[in-house]
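The values are calculated or read from the model by the stated rules, or taken from the named source; none is laboratory data. Here the structure is a predicted model, which is why all the values come from computation and not from measurement. Methodologically, a virtual Cβ is constructed for each residue, glycine included, from the backbone with ideal geometry; neighbour enumeration extends over all protein chains shown. Ligands, DNA and RNA are stripped out before the accessible areas are found, and what is left, the full protein with its side chains, is counted by its heavy atoms. Shrake-Rupley method; radii C 1.70, N 1.55, O 1.52, S 1.80 Å.
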Amino acid sequence: MRIALLQSSGRPGSVVENLKVLDEAAGRAAAAGAGLLVAPEMFLTGYAIGDDIAHLAEPADGDSADAVADLAGRHGLAVAYGYPERDGETVYNSAQLISADGVRLANYRKTHLFGCFERDHFTPGDQAVVQAELGGLTVGLMICYDVEFPENVRAHALAGTGLLVVPTAQMHPFQFVAESMIPVRAFENQMYVAYVNRVGREGEFEFVGLSTLAGPDGVARARAGREEELVFADADPAFVAASREVNPYLKDRRPGLYGSLA
């Protein structure tokens with residue numbers, strides 16, 4: 001499956017404009033043969049928008065979800081994107097995966113909130129592993145800081161995730177996460193990891209770009225720079241299976257020794 005990584009901060013504060021950016025990117029991705037387009041964390045609204053997060057938050061099946069389902073169906077590819085999710089009075093930092101048929105496949109709420117900004121505006125989710133089947137792969141969802149916890153990613157590996165989709169808002173000076181940690185996470189857990197970042201300055205934050213798709217061999221199949229761009233890479237289900245046969249990490253675990261970690 002060809003995957004398109006949309007490295008962009010869109011138009012912070014405007015859901016309408018961000019849906020236009022996503023629609024245009026979906027058209028380019030589909031024309032290049034992609035089966036999945038991944039957008040960054042909080043793409044639909046912008047990240048550093050303060051109290052507008054609560055004002056713009058929508059239910060997982062709200063109007064914006066319908067709009068994404070429509071563009072996914074028109075362009076014939078699945079779309080994963082970040083957005084603020086409202087559930088009653090509670091707001092989550094969420095990511096949703098919608099199929100090429102416009103069906104909502106999975107919705108994930110960020111479990112590890114980063115810094116005072118996120119803790120002031122969001123409630124953490126409580127479900128670590130959220131998955132769906134797509135293009136012959138078991139696809140898992142995570143958001144940014146979540147992937148920096150090795151136990152989190154290992155839980156996905158043990159649940160059979162072959163492609164971990166990670167919308168992110170990675171900021172300066174933590175670019176080593178994109179450069180070094182993501183390929184290691186992919187290798188040690190024998191999966192593809194699609195890590196898709198915002199870019200440029202937004203409020204008090206400077207997002208570093210460097211979106212990447214790393215394979216189970218630890219090799220980056222694609223890596224963006226520091227500007228807005230759409231990059232492509234392929235994820236092969238057969239390679240995940242073959243790599244897990246060769247690499248013994250998951251088979252050689254001794255869980256009885258790790259009880260103190262929990």
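Annotations for the structure displayed:
- Consider the stretch 225-261 and keep the residues that are over 16 Å from Y192 (Cβ atoms), in contact (Cβ under 8 Å) with a residue 24 or more places away in the chain and aliphatic (A, V, I, L, M). The one that is least open to solvent (accessible area, probe 1.4 Å) is L230.
- Residue match in the stretch 68-87 (condition: surrounded by fewer than 21 Cβ atoms within 10 Å (Cβ to Cβ) and of a type in the set (A, V, I, L, M)): yes
- Residue satisfying all of: in the stretch 145-157; open to solvent by less than 10 Å² (accessible area, probe 1.4 Å) and under 15 Å from the mean Cα position of the chain (by Cα); farthest from E188 (Cα to Cα) among these: D146
- Entry remark, the stretch 11-32: residues being free of Cβ contacts under 8 Å to residues at least 60 places away in the same chain and under 19 Å from R74 (Cβ atoms) number 14 in total.
- Restricting the stretch 32-51 to residues that are of a type in the set (V, I, T) and surrounded by 23 or more Cβ atoms within 10 Å (Cβ to Cβ), the residue that is farthest from L5 (Cα to Cα): T45
- When G46, G82, G102, G76 are screened for being over 14 Å from the mean Cα position of the chain (by Cα) and either within 27 Å of T123 (Cβ to Cβ) or at pLDDT below 95 (or both), only G46 passes.
- Within the stretch 190-231, tally of residues that are of a type in the set (S, T, N, Q) and out of contact with any strand residue (DSSP E or B) (no Cβ under 8 Å at 6 or more places or on another chain): 1
- Verdict on P216 being part of a loop (DSSP other than H, G, I, E, B), open to solvent by less than 10 Å² (accessible area, probe 1.4 Å) and either modelled with pLDDT under 95 or not small (G, A, S) (or both): yes
- Among the residues making up the stretch 192-212, those that are open to solvent by less than 20 Å² (accessible area, probe 1.4 Å) and within 12 Å of P173 (Cα to Cα) are F207, V208, G209.
- Where helices (runs of 4 or more DSSP H) fall wholly inside the stretch 107-195, the ranges with 3 or more residues that are in contact (Cβ under 8 Å) with a residue 24 or more places away in the chain and among the hydrophobic types (A, V, I, L, M, F, W, C) are 150-158, 182-189.
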